């Protein structure tokens with residue numbers, strides 16, 4: 001039997017990452033797979049990057065990793081971006097530049113951040129004016145028909161989900177290590193909410209043809225993380241870290 005730990009969307013939350021890695025150490029994990037969005041956010045970009053770089057794992061690029069690189073030589077209006085860029089070392093920038101957008105692991109996993117062709121689209125979720133919905137089986141089978149691997153790993157929505165397809169494939173989103181909720185912008189205004197402040201990841205155990213998946217929620221000092229985000233000027237991030245959902249008193253505008 002082989003055991004894989006699937007992590008994603010750390011977003012510079014070193015406290016949450018350390019809690020997850022401590023839990024992983026107790027699980028006899030053979031390999032860690034990291035789906036991207038490593039450092040961007042209201043917390044500790046460089047400290048988080050150093051932990052990731054020092055821990056053996058497969059890493060791919062997420063949309064915010066790409067956005068950091070695209071804004072290196074120009075100012076950005078994205079909240080937190082200028083602070084993040086100022087904190088990152090040359091070593092971390094070089095590491096981000098070398099991250100691939102997708103990967104294949106042990107011919108079992110296809111690894112992407114958003115979808116196989118886009119790091120800023122959702123594979124599982126469809127955003128409508130009336131809310132966020134998971135695509136039906138036929139749509140997901142069609143969207144992943146070209147992928148031969150049995151388990152498809154995706155992230156980006158920060159919501160942990162396991163979807164079994166009618167063709168035998170499985171799509172797994174491990175949730176977010178470091179940011180359990182956020183507000184999305186697009187054609188519609190929407191919220192992605194995991195409903196708890198825990199640091200989240202997934203375990204995949206493979207033995208022969210059997211694939212078993214466990215979603216793991218780790219307690220850490222999210223009050224400290226929330227206060228740090230607030231001290232860095234990010235009230236919304238502070239609230240998301242504390243609640244894992246959209247607080248009633250937080251304006252959508």
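None of the figures in this text is laboratory data; all of them are computed from the coordinates on show. Just so it is clear, the structure is predicted and the values come from calculations on it, not from any experiment. Neighbour counts run over all protein chains shown; Cβ positions are idealised from the backbone, glycine included.
Answer with a single label: of [x] 12; [y] 19; [z] 16, which was calculated as percent of Cα pairs over 34 Å apart from the structure in view?
From the options [x] 12; [y] 19; [z] 16, the structure gives [x].
Sorting 4, 182 on the 10 Å Cβ count, fewest up front, what's the list?
182, 4
Starting from the 7 Å offset along Cα-to-Cβ, what nm value, one decimal, do you get for the label separation of residue 137 and residue 219?
3.9 nm
What is the Cα centroid distance between the stretch 124-178 and the stretch 3-82, reported in whole angstrom?
21 Å
Highest GNM mean-square fluctuation, the chain, Cα pairs closer than 10 Å: which of 130, 115, 64?
Most flexible of the set in this elastic network: 130.
Where does the chain land at 222 nm, in deg cm²/dmol rounded to the nearest 500, when only DSSP H runs of n ≥ 4 count, each adding -39500 (n - 2.57), divided by all residues?
Value at 222 nm, helices only, nearest 500: -8000 deg cm²/dmol.
Considering only the chain, what is the antiparallel percent among its DSSP beta bridges, to the nearest 5?
In the chain, DSSP labels about 70 percent of beta bridges as antiparallel.
Which whole-number percentage describes the relative contact order of the chain, with Cα contacts under 8 Å and a sequence gap of 6 or more?
21 percent
Out of the DSSP beta bridges found with both residues in the stretch 39-169, what percent are antiparallel (nearest 5)?
About 65 percent, rounded to the nearest 5.
Show me the ranking of peptides 138-144, 69-75, 235-241 by mean Cβ neighbours inside 10 Å, starting with the highest.
Descending mean neighbour count gives 235-241, 138-144, 69-75.
Taking 0.36 nm per residue of sequence separation and subtracting the Cα-Cα distance, how much length would be gained by fully extending the chain between residue 183 and residue 121, in nm to one decimal?
Using 0.36 nm per residue and subtracting the Cα-Cα distance, I get 20.9 nm.
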